[in-house]
Structure formats: C-alpha cells, structure tokens
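Single-structure report; data block below.
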Amino acid sequence: MKLYREFESQEAIDREYDPVRRVADAQAVIEGWLARSRRVLDRVEARLGIPFGPTRAEYLDVYPAGSGAPVHVFFHGGYWRRFSARDFAFLAPAFREAGITLVIPNYALCPSVRLTEIVRQARAAVAWVARHAADFGGDARRLTVSGHSAGGHLTAMVAATDWPGDYGLPAETVRAGLAVSGLFDLRPFPFSWLQPTLQLDWREVWELSPLLRLPDGGPPLTVAVGGAESDEFRRQSRAFHEARRARGLAGRLLELPGLDHFRVLEELERPDSVLFRTVAEAAFGGA
C-alpha cells in the first residue's frame, strides 16, 4: 500500500525527510550555529524577548540596523519541534551590516501546541512587526520575510495571509518572501517518525499545506533549496514554485548546487551569496 506518492513504508519516507540522517556532520554544523549565536548575543546590540502575544513562547528578538532601516523577519526551522529564536542570532551581523533590521520570532513548539497554533503565532508576529516597526527604528513599508525548513513552511503560510481580512492591515504588508528548504506538502508527515511529536490530523494536513492552499494573491516569493538535499526536498520546492506560477503568483526558484539542508541556511550569513542578495534587493528595491 502506498502511503504517500510512491512511498510504501515509514522507513522510505524517513530517508527522504530526515536531513540529519543524510548529512554526516549535521550535528557539528548545528553546534556551530549555536556557538556563533552565543558570541553574537555577547557583542551585538539587540532588543531581546519583546512579547508579541499572550504566551511566554511568543516573543521577538530584534537586531536594529538604525533609524528607517528596512525590516526582515526570519522564521527558524527545526520541524516545528526544536530550537528557539535565540539559536539563530548568528544571522544578525550580516543583516545589520547591510543596513537591514533583523527580527527573529520565537514560537511555541510541538507537541505542546498544534501546528495550527504555530502558524497563527507566525502570522501574529509579522502583524506585530508591521504595527510596531517604528518602535525600534524600522520601516514597516519595507517588510520582508524568510524562513528555513519548517520556517520555510511558515514563510509560505505568512505569504498566503489575508492581511486586510484577518488583521486589518494593508494587503501589501509583506513586500517579498524567501522560503528556504521548505515543507510545502504535509501529507508525508503523518506516516513519518515526526508524527508522535507533530500529532497532525488530516484537517491540518490539508489546511496547512501551502501547496494545497494556494492564495489568489500575495507578495513575490522566492523558493530556494540546496542542490545536495534529498530528492523529496528538491521536488517539494519545485512543485510549490510551479503551482504558484501556474496560479499567476510572482516568484522564482533557486537550486543552489552542492549545498545540503543545513549549509544552505548559512548562505544568509554571507552578504555576497545569492540568497542574501535576494533578501537585500527585496528590502531596498523601490525604496
């Protein structure tokens, strides 16, 4: 019996969707992120732990780049069950040096909350930034978003938000988005090793799969994936981009040769990388 597409077993799904199994030094790469983040937190000006919602998990870490700076919101990954905003402070120096204020939202994790609640928190974080960017010198008219892995999924969900209907904000609240190594079709996950933690039901799968819930409009969205990632990660990115294009939604697809699921994120540390340039061009374009 097929569980998802051609996959007939959990083992087959897990091989494609567990990046740690595919990258021999994944844990060392992650430890590098955490070490660099600790150093950044010791030396870089930041406004940490700003509440944007009613629970302790709902806070923002802001790394200001000066008065009138464009604002970029980054959603971290970890399959909706791991990490915190503080673990990704290592991204802040490149953004600040480029004159872009970086905001990293924290959100509650599965299984303490359901994925539906995480999506709500992601949207609420962006809405808060849109309303309060001036409080930390940011320019809400130049607000962009990105995310990696599970954060790529959240970026796609944010890009599909009905800002006027749900938040009373302009339809153009988000200028552009970048979804890196995202999960856009959740149908394999109820059959994966993640299910005991995610506890997805089929209503959530259908309602929270960006590939299956394409909006009628929204900001341009760049979909990026590492060329050394699994076939399924690359296929999901291609399928999502192609579905958006067929619907007339703006965006492009970037497949970055030689980069695995973890090292592709590190491109956002490098101002000369195509990923960082994508964010910077969206932030400053038309300013």
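Just so you know, all these numbers are worked out from the coordinates, no wet-lab data involved. Here the structure is a predicted model, which means the values were calculated and not measured. Counting neighbours? That spans all protein chains shown, and the Cβs are built from the backbone with ideal geometry, glycine included.
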Cleavage-rule hits (trypsin sites (Lys or Arg not before Pro)) in segment 14-71: DSSP loop, at most 14 neighbouring Cβ within 10 angstrom: Arg56
Net dipole in debye of segment 92-224 [+1 Lys, Arg Cβ; -1 Asp, Glu Cβ; about Cα centre; nearest 20]: 140
Where N is the number of residues in segment 180-287, Cα Rg divided by 2.2 N^0.38 Å: 1.17
Modelled FRET efficiency - R0 51 Å, Glu45 with Lys2, Cβ distances, 0.05 increments: 0.45
Distance between modelled label sites at Arg21 and Gln195, nm, 7 Å Cα→Cβ extension: 1.5
Euclidean distance of C-alpha centroids, segment 185-261 and segment 161-184, integer Å: 16
For His261, His72, His132, order by how many other beta-carbon atoms lie within 10 Å, fewest first: His132, His261, His72
Largest-first principal axis extents, alpha carbons of segment 102-202, Å: 44, 26, 24
Length-normalised contact order of segment 10-284 in % [C-alpha pairs under 8 Å, at least 6 apart]: 19
For Ala69, residues with placed amide H under 5 Å, excluding near neighbours: Asp139
Charge dipole (segment 170-287, unit charges on Cβ, about Cα centre) - positive-most of Ala282, Leu256, Pro271: Ala282
Net lengthening on full extension, Thr55/Glu97 (0.36 nm per residue, minus Cα-Cα): 11.9 nm
Value of [θ]222 nm, deg cm²/dmol, for the chain, DSSP H segments ≥ 4, -39500 (n - 2.57) each, nearest 500: -10500 deg cm²/dmol
Cα gyration tensor shape of segment 38-167, rounded if a/c is under 1.5, else prolate or oblate by comparing a/b with b/c: oblate
Binned Cα-Cα distances of segment 10-284, short to long, each 5 Å bin given as a whole percent: 1, 6, 14, 19, 21, 19, 13, 6, 2, 0, 0
Per-residue ³J(HN,Hα) for segment 80-91, Karplus 6.51 cos²θ - 1.76 cosθ + 1.60, θ = phi - 60°, Hz, x for Gly and Pro: 6, 9, 8, 6, 9, 4, 5, 5, 10, 4, 4, 7
Given the chain, longest segment not containing exposed loop GluC sites (Glu not before Pro) (DSSP; at most 14 other Cβ within 10 Å): 46-171
Electrostatic dipole magnitude of the chain [Cβ: Lys, Arg +1; Asp, Glu -1; Cα centre; debye, to 20]: 340
